[in-house]
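K.L.:
Dumping the structure here so I can ask a few things about it.
What follows draws every value from the coordinates through simple rules; no lab data is involved. The structure displayed is predicted, hence computed values, not measured ones. We place every Cβ from the backbone using ideal geometry, glycine too, and count neighbours over all the protein chains shown.
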Amino acid sequence: MKETRVAVQEDIMGWIDSGDQDAQPKRIMWVTGPAGTGKTAILGTIADTCKKKGTLAASFFFSAFSGLVDRRTKRCLVPTLAFQLMEHDGAGGTREHVLSLIARDQGMIFTKNLEGQFTAMVLNPLLSRTQEHERSGRAAPRVIIIDGLDECDIVQNDPADPAHARAQAPVRRKEDDQREILSLLLLAATNPSFPFRILIASRPEVTIRDFFATDGKVWTRELFLDEKYDPDADIALFYDAKFSTICRRLGIRPEEWPGKGVKLILVRNASGQFIYAATVVRYIEGSPHSLSPQSQSSNKPSTPHQRLQYILGQQWAGPPHNPLEALDALYRLILEACPDPELSMKWLRAARIEHSGSKGDHLPVWLLRLVLEVSPGEEQYALGPLSSLLSTQISEENSLKPYSFYHKSFLDFIVDPIRCGKRFLTREEPLIWLAQRSFQTLDKHLEDVARHSGHHRYLRLLLSIGELRKSSFQTVVPYILASDLQKWAAAWAEWYQNQDNGRLWELIVRMLEVLHHGCWPLLCRSSCRLSTRKVMDVLKANGWKLPSFTQVLRREWDGDCSRYEDLMPPSDD
């Protein structure tokens, strides 16, 4: 849309037109940002602008949504770039070089690996005519554009892939192909005779991010689509234009509908992501048949006003049909790309668990890592592929906060059974998993809680576990019985003696309540009696005064405080 994304376009065009004036020029630009921030739209506009100016050498737009496998894999990348370079007015001898090569080996070049194709059909022809360009004067700076690199996928056992012909070819991952493409582009960019700059756009996925942070760091300028480019202002402009069009079509005065307040809500809900705004507007506009008598007689919203109201109420109710399907399709695609989508979903939902008495107060990153990681690196395994939806590269300072999600509508998506589909988890399921993992990792809790002074956060964790339904809690019992409760109790009792912290007493009492959870009033399960006795024996050995059976029953009968309220830590005397 005209007059939007002006600043970011100016930055990119300025880089393209600047040439190699610096001693160490940044010949690659990586445009990145969360899903839905408009990377493809921006690069499409840049490609159109450069084509009009005569500075576009070639482009390739990967697309995971495309029905053509050639847009989802690397198979046609090099031939597409070579063909465009051949057709370019300033390509010189590139056309003759490539056509001669194809005729000479009878098309066998297309069966070679990516590096062989790139060197033969792109790099060598361009380098062979460098001196010709130097004799004719400095040529206008040109650019090769590669968009959606993160959407480049792999087709295993593809007969058209040269690797398929090799016996016992190792199984490749899409990340292997993405890194291979980046390595070839870097090889070209670092050659002083290579005449083009390279513009790449992708989400900040782990493999791509690591490449630009290591091998490509010196040669790359990173442009992250964040608040610096004021996306809210562009989204507001987009809404203004689209609503004006709808108003003209329906004969409504723009100052009467939808109103500034509504547009502000829509801007805020977009969270800087244009995909939300575009999807919402498409839904509100409706199809050409949306205002037919038949559609208006149904119970589905049909007029633009009804559709707008439906969108505004979307966060509160799960509809029988989904006006945000395009956005949800993107989210589902990203989730299914994870190595273990079910595990990723559990981590996501666990990150949003909150105690009923503290709405909006989610567990911090350090605590979730502490209780959920049963093996080192599991967090990155589960959440790393989702780096376009939430921040996964977290500093020590930011680990004190909950996970930061880029887009509000994604949080709405994961808690909506209709929108989320087969990966949906009820609130109880991640809570059960959190409780199970908490007892699996029990013996390492104290050190990290002490290091972060996180007693109150740990208490919130135990309070959340205590909200499990009694029937669900039975699935946690085997993990409780397998945990080392004596070691846990001994560590906390010893720490209490050194700290004399009332919060530590509360933690121990809360753990006893968790162990008792799932029991009937005045009637404990055998597993509860066994687990509770393990903790009580340790506390008694450390000088704690245990409540009598009568005191416990009285407290539970009263019901207004913990049944272990009379548990007393050792006194100074």
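K.L.:
Run the helix sum for the chain: -39,500 (n - 2.57) per DSSP H stretch of 4+ residues, divided by residue count, reported at 222 nm to the nearest 500 deg cm²/dmol. The partial results should precede the final answer.
P.N.:
Values: 29 runs with 292 residues, N = 573.
Value at 222 nm, helices only, nearest 500: -15000 deg cm²/dmol.
K.L.:
Looking at THR426, TRP30, GLY216, which one has the Cα that reaches farthest to the positive end of the dipole of the chain (charges on Cβ: Lys, Arg +1; Asp, Glu -1)?
P.N.:
The listed residue farthest towards the positive side: THR426.
K.L.:
With the convex hull built on the Cα atoms of the range 202-283, state its orientation-averaged projected area in nm². Numbers along the way, then the final one.
P.N.:
Details: hull surface 27.7 nm².
Reported value for the Cα convex hull: 6.9 nm².
K.L.:
Could you compute the net charge surrounding LEU186? Neighbours are other residues with a C-beta less than 13 Å from the C-beta of LEU186; K and R count +1, D and E count -1.
P.N.:
Numbers: positive: LYS26, ARG27, ARG179, ARG197, LYS217; negative: GLU115, GLU180, ASP215.
Net local charge, LEU186 excluded: +2.
K.L.:
Another one. If you average over every viewing direction, what projected area does the convex hull of the Cα atoms of the range 365-425 give, in nm²?
P.N.:
Numbers: hull surface 18.9 nm².
The directionally averaged projection comes out at 4.7 nm².
K.L.:
Let me ask something additional. Given the peptides 392-401, 235-244, arrange them by the average over their residues of other C-beta atoms within 10 Å, most packed first. Provide the component values of the computation, followed by the final result.
P.N.:
On the way: 392-401: 13.6, 235-244: 18.4.
Per-residue mean Cβ counts within 10 Å order the peptides as 235-244, 392-401.
K.L.:
Suppose R0 equals 35 Å; then what is the FRET efficiency for TRP257 and ASP361 from their Cβ-Cβ distance, rounded to the nearest 0.05?
P.N.:
On the way: r = 38 Å, r/R0 = 1.09.
About 0.40, to the nearest 0.05.
K.L.:
Something else: Which residues' amide hydrogens lie under 5 Å from the amide hydrogen of LYS545, considering only partners 5 or more residues apart or on another chain, with H built in the peptide plane?
P.N.:
Excluding prolines and chain starts, which carry no amide H, the hits are MET568.
K.L.:
For GLN499 and LEU333, what is the calculated FRET efficiency with R₀ set at 56 Å and r taken between the beta-carbons, to the nearest 0.05?
P.N.:
Numbers: r = 49 Å, r/R0 = 0.88.
The formula returns an efficiency of 0.70 here.
K.L.:
In Å and on Cα atoms, what radius of gyration and Dmax does the range 360-479 show?
P.N.:
Reported Rg and Dmax, both Å: 14.8, 42.
K.L.:
Could you tell me the center-to-center distance, by alpha carbons, between the range 435-468 and the range 231-283 in angstrom?
P.N.:
Going from one Cα centre to the other spans 44 Å.
K.L.:
Along the range 457-462, what does the Karplus equation 6.51 cos²θ - 1.76 cosθ + 1.60 (θ = phi - 60°) give for ³J(HN,Hα), rounded to whole Hz, x for Gly and Pro?
P.N.:
Whole-Hz 3J(HN,Hα) from phi for the range 457-462: 5, 5, 4, 4, 4, 5.
K.L.:
For the range 424-573, take N as its residue count and report Rg(C-alpha) divided by 2.2 N^0.38 Å.
P.N.:
Numbers: Rg = 15.0 Å, N = 150, 2.2 N^0.38 = 14.8 Å.
Dividing the Cα Rg of the range 424-573 by 2.2 N^0.38 Å gives 1.02.
K.L.:
Which peptide among 185-196, 370-381 comes first, and what is the full order, when sorted by highest mean count of other Cβ atoms within 10 Å? Intermediate values should be presented prior to the final figure.
P.N.:
Details: 185-196: 17.1, 370-381: 15.6.
Answer by packing, highest mean first, reads 185-196, 370-381.
K.L.:
Using a Förster radius of 45 Å, what is the FRET efficiency between LEU127 and LEU250 based on their Cβ-Cβ separation? Nearest 0.05, please.
P.N.:
Efficiency for this residue pair is about 0.15.
K.L.:
Another question about this same structure. Suppose every K and R has +1 on its Cβ and every D and E has -1 on its Cβ; what is the size of the dipole of the chain about the Cα centre, in Debye to the nearest 20? Before the final figure, lay out each step's value.
P.N.:
Values: 71 positive and 71 negative charges, 231 e Å.
Its charge dipole is roughly 1100 debye.
K.L.:
Can I ask one more? For VAL171 and ALA103, compute 0.36 nm times the residue count separating them, minus their Cα-Cα distance, and round to one decimal in nm.
P.N.:
Values: separation 68, 0.36 × 68 = 24.48 nm, distance 3.26 nm.
Contour length minus the Cα-Cα distance gives 21.2 nm.
K.L.:
Count the DSSP beta bridges whose two residues both fall in the chain, then state the antiparallel fraction as a percent rounded to the nearest 5. Could you put the intermediate results ahead of the total?
P.N.:
Details: 3 of 24 bridges.
If we restrict to bridges inside the chain, about 10 percent are antiparallel.
K.L.:
Multiply the residue gap between ASP17 and THR426 by 0.36 nm, knock off their C-alpha separation, and tell me the result in nm, one decimal place.
P.N.:
Numbers: separation 409, 0.36 × 409 = 147.24 nm, distance 5.27 nm.
Length difference between fully extended and current span is 142.0 nm.
K.L.:
Under 5 Å between amide H atoms, partner at least 5 residues away or on a different chain: which partners does ASP147 have, H built in plane at 1.01 Å?
P.N.:
PHE60, PHE61, PHE62, ALA201
K.L.:
Which is farthest toward the positive dipole end of the chain among PHE61, TYR310, SER472, measuring Cα position about the Cα centre, with Cβ charges +1 (Lys, Arg) and -1 (Asp, Glu)?
P.N.:
About the Cα centre, the residue reaching furthest to the positive side is TYR310.
K.L.:
Now for a different question. What is the packing order of peptides 246-254, 425-433, taking the mean over residues of other C-beta atoms within 10 Å and listing the highest first? Can you show the working numbers first?
P.N.:
On the way: 246-254: 12.4, 425-433: 17.1.
In decreasing order of mean packing, 246-254, 425-433 become 425-433, 246-254.
K.L.:
Starting from the Cα of LYS487, draw a straight line to each of the lysines and keep only those under 29 Å, dropping any in the same chain fewer than 8 residues away.
P.N.:
Of all the lysines, those that pass the test against LYS487 - Cα under 29 Å, at least 8 places apart if same chain - are LYS346, LYS401, LYS444, LYS470, LYS534, LYS540, LYS545.
K.L.:
So if I take the alpha carbon set of the chain, get Rg, then get Rh from the Kirkwood formula, what is the Rg over Rh ratio? Show your work: numbers first, answer last.
P.N.:
Numbers: Rg = 30.2 Å, Rh = 28.1 Å.
Rounded to two decimals, Rg/Rh equals 1.08.
K.L.:
Moving on to the next point. Hand me the GluC sites (Glu not before Pro) from the range 492-573 located in a DSSP loop with no more than 16 other Cβ atoms within 10 Å, in residue order please. Don't jump to the answer; show the numbers that get you there.
P.N.:
Values: sites: GLU494, GLU506, GLU513, GLU556, GLU565; in loops: GLU565.
Taking the range 492-573 and a limit of 16 other Cβ atoms within 10 Å, the loop GluC sites (Glu not before Pro) found are GLU565.
K.L.:
Tell me which residues come under 5 Å, amide H to amide H, from LEU390 once H is placed; ignore anything under 5 positions away on its chain.
P.N.:
Those qualifying (amide H under 5 Å, at least 5 residues apart or on another chain) are TYR406.
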